[in-house]
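Below is one structure, written out as structure tokens, with a few remarks after it.
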Amino acid sequence: MDHQKITCHMIFDVKMEDFRRKARFVAGGHKTEVPKTITYASVVSRETVRLALLLASLNDLEVKAADIMNAYITAPVTEKIWCVLGPEFGGDAGKTAIIVRALYGLKSAGAAFRAHLASAMRSMGYESCRADPDLWMKKKTRPEDKFEYYSYILCYVDDILCCDHDASEVMRELGGYFALKPGSVGTPSIYLGAKLSETTLDNGVRAWGMSSSKYVQESVKNCKAHVAEHFKGRYRVPAKAENPFPCGYEPELDVTPELGPEEASYYQSNHAGDKKTRRSRTGYMIFANQGLVQWLSKKQPTVETSVFGAEFVAMKNGMECLRGIRYKLRMMGVPVDYPSYIFGDNMSVVHNTQRPESVLKKKSNSICYHAVREAVAMGECLTGHISTHHNYADLLTKVLSGEKRRRLVGGVLYDIYDEF
């Protein structure tokens with residue numbers, strides 16, 4: 001009598017990428033009581049994905065991807081529910097059934113699958129990273145050269161990415177716990193909507209690159225087909241829309257393993273850039289080993305009366321994000337016992353963070369001032385001045401054009417322009 005009755009129904013859908021038809025039996029979870037525990041499945045962050053690819057390049061590891069088939073219904077249900085079978089069950093229609101699997105539509109289905117997946121990870125000897133619970137790691141030794149490293153498994157619900165010296169063997173072991181979709185196991189070409197490929201840089205270094213080109217091309221192709229179908233030739237898609245990269249270049253994030261695991265942050269602010277509210281804009285880019293791993297372009301919550309104050313707010317925000325990345329690297333098993341660099345183009349701000357004898361004259365900036373000064377004093381980061389012509393964060397705060405834009409974009413994205 002402690003079970004709840006629900007209704008179930010069929011959902012029919014068409015996949016956007018290739019227009020395949022799909023049918024799924026789902027539960028009417030909106031009719032059940034809200035569980036007292038967590039009800040969703042957490043996912044790995046994109047920042048963690050970029051760091052894992054960087055470490056895979058540094059440690060010369062294989063990268064393989066896989067997709068778990070019918071993910072949710074592999075997990076046992078945590079709710080007590082039952083339903084009456086419908087006509088789609090043929091001779092069993094009208095019978096009472098107790099649901100024992102986490103059907104799609106149940107409030108706790110996501111959490112049930114996440115717990116089931118975590119149990120499998122622990123059985124394989126992996127432990128959850130403290131900085132990102134959906135990054136699973138295991139200390140291993142490569143047999144060829146006795147090199148010690150951490151093997152990583154990244155989980156985005158049912159999308160799995162593995163970085164290991166023998167990633168194929170890890171996927172085969174995972175296949176013993178879950179049925180993997182046929183054809184999904186192998187070197188990834190797309191992950192979380194982004195094109196993924198291993199690239200050889202001009203200096204001969206192999207690096208992983210991420211790009212939105214495939215997503216854009218698929219969107220344009222689907223839009224073109226939709227227009228052609230509904231307007232029957234009365235409207236022609238412009239030729240430029242057929243290929244968003246007519247010169248054949250695609251944006252790639254450069255993760256270059258040649259300078260050691262060092263982090264650097266570039267920050268900038270556009271003082272009073274909003275003509276209506278006079279709020280400034282914060283922009284920063286954080287690089288690990290010359291690879292862009294995190295960035296932000298956002299209006300500041302307060303109105304600053306000077307460029308000095310706006311720059312300090314931007315520096316503090318970038319410093320706090322950089323601190324989080326340093327912590328995450330440590331939790332991923334990477335020793336971080338050196339300061340990171342923070343570059344800005346405002347000399348007054350840089351001097352105020354470097355010199356102990358400098359005095360803050362504006363009390364309104366004291367929180368940002370002391371936060372950055374504390375990070376410098378403890379050796380967590382070092383601040384330095386850089387010319388505005390070489391500050392990558394300018395891309396996030398100002399509308400640029402011409403040679404400066406080409407040069408800055410060329411330093412952030414790989415293989416964009418012929419020359420710069």
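The values are calculated or read from the model by the stated rules, or taken from the named source; none is laboratory data. Nothing here was measured: the structure is a model prediction, and the numbers come from that model. Using ideal geometry, Cβ is built from the backbone for each residue, glycine included, and neighbour counts are taken over all protein chains shown. Quick note on the areas: whole protein, heavy atoms, side chains included, nothing else; ligands and nucleic acids left out. Shrake-Rupley method; radii C 1.70, N 1.55, O 1.52, S 1.80 Å.
Among the residues of segment 89-113, those identified as open to solvent by 30 Å² or more (accessible area, probe 1.4 Å) and either at pLDDT 95 or above or of a type in the set (A, V, I, L, M) (or both) are Ala93, Ile98, Val100.
In segment 29-61, the residue that is least open to solvent (accessible area, probe 1.4 Å) out of those that are part of a loop (DSSP other than H, G, I, E, B) and modelled with pLDDT of 90 or more is Val44. Residues in segment 136-143: is at least one over 21 Å from Val49 (Cβ atoms), of a type in the set (Lys, Arg) and either open to solvent by less than 60 Å² (accessible area, probe 1.4 Å) or touching an Asp or Glu at 6+ places or on another chain (Cβ under 9 Å) (or both)? Yes; the residues of segment 136-143 include at least one that is over 21 Å from Val49 (Cβ atoms), of a type in the set (Lys, Arg) and either open to solvent by less than 60 Å² (accessible area, probe 1.4 Å) or touching an Asp or Glu at 6+ places or on another chain (Cβ under 9 Å) (or both).
Would you mind stating whether Ala393 is among the small types (Gly, Ala, Ser) and touching a Lys or Arg at 6+ places or on another chain (Cβ under 9 Å)? Taking the combined requirement at face value, the residue does not satisfy it.
Could you please give the count of residues in segment 1-22 that are open to solvent by less than 60 Å² (accessible area, probe 1.4 Å), at pLDDT 85 or above and either part of a loop (DSSP other than H, G, I, E, B) or over 12 Å from Lys80 (Cα atoms) (or both)? First the steps, then the outcome.
Keep residues of segment 1-22 that are open to solvent by less than 60 Å² (accessible area, probe 1.4 Å), which gives 4, 6, 8, 15.
Next, from what is left, pick out any that are at pLDDT 85 or above: 4, 6, 8.
The next check asks that each one be either part of a loop (DSSP other than H, G, I, E, B) or over 12 Å from Lys80 (Cα atoms) (or both); those that pass are 6, 8.
Here the count works out to 2.
In the set Ser348, Ser366, only one residue is at pLDDT below 95, among the small types (Gly, Ala, Ser) and open to solvent by 40 Å² or more (accessible area, probe 1.4 Å); that residue is Ser348. Count of segment 152-177 residues, restricted to those that are among the acidic types (Asp, Glu) and in contact with a helix residue (DSSP H, G or I) (Cβ under 8 Å, 6 or more places away or on another chain), is 2. Close contacts from segment 359-379, counting a first residue that is under 18 Å from Val307 (Cβ atoms) and a second that is among the polar types (S, T, N, Q) and part of a helix (DSSP H, G or I), with Cβ to Cβ under 9 Å and a gap of 6+ residues or different chains, come to Leu360/Asn352; Leu360/Ser366; Cys368/Asn317; Tyr369/Asn352; Tyr369/Thr353; Val372/Asn352; Val372/Thr353.
Results for (1) farther than 30 Å from Trp136 by Cβ; (2) touching a Leu at 6+ places or on another chain (Cβ under 7 Å), shown as yes or no for each residue.
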site: Ile286; (1), (2): no, yes
site: Ser297; (1), (2): yes, yes
site: Glu304; (1), (2): yes, no
site: Glu311; (1), (2): yes, no
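Conditions (1) touching an Asp or Glu at 6+ places or on another chain (Cβ under 7 Å); (2) open to solvent by 10 Å² or more (accessible area, probe 1.4 Å); (3) part of a loop (DSSP other than H, G, I, E, B); (4) of a type in the set (D, E, K, R), marked per residue:
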site: Phe178; (1), (2), (3), (4): no, no, yes, no
site: Pro182; (1), (2), (3), (4): no, yes, yes, no
site: Leu196; (1), (2), (3), (4): no, no, no, no
site: Val216; (1), (2), (3), (4): no, yes, no, no
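Here the condition is being charged (D, E, K, R) and touching a His at 6+ places or on another chain (Cβ under 8 Å); of Glu62, Glu33, it holds for Glu62 alone. Confirm whether Leu400 is closer than 15 Å to Met285 by Cβ and in contact (Cβ under 8 Å) with a residue 24 or more places away in the chain. The answer is no for Leu400.
Yes/no matrix, rows are residues, columns are (1) aromatic (Phe, Trp, Tyr); (2) closer than 20 Å to Gly110 by Cα:
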residue	(1), (2)
Gln4	no, yes
Phe19	yes, no
Ala41	no, yes
Arg46	no, yes
Val49	no, no
Leu53	no, no
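For segment 253-271, a residue qualifies if it is outside any strand (DSSP E or B), crowded, with 18+ Cβ neighbours inside 10 Å and either at pLDDT 85 or above or not β-branched (Val, Ile, Thr) (or both), and the qualifying residues are Asp254, Pro257, His271. Checked against (1) among the aromatic types (Phe, Trp, Tyr); (2) in contact with a Leu (Cβ under 9 Å, 6 or more places away or on another chain); (3) part of a helix (DSSP H, G or I), Tyr341 meets all criteria but (3). Scanning segment 80-118 for residues that are more than 14 Å from Tyr40 (Cα to Cα) and part of a loop (DSSP other than H, G, I, E, B) gives Lys80, Leu85, Gly86, Ala93, Gly94, Lys95, Ile99, Val100. Within segment 83-98, residues that are of a type in the set (Lys, Arg) sit with their Cβ atoms under 9 Å from residues that are surrounded by 10 or more Cβ atoms within 10 Å (Cβ to Cβ), at 6+ positions apart or across chains, in these pairs: Lys95/Val84; Lys95/Leu85; Lys95/Phe89.
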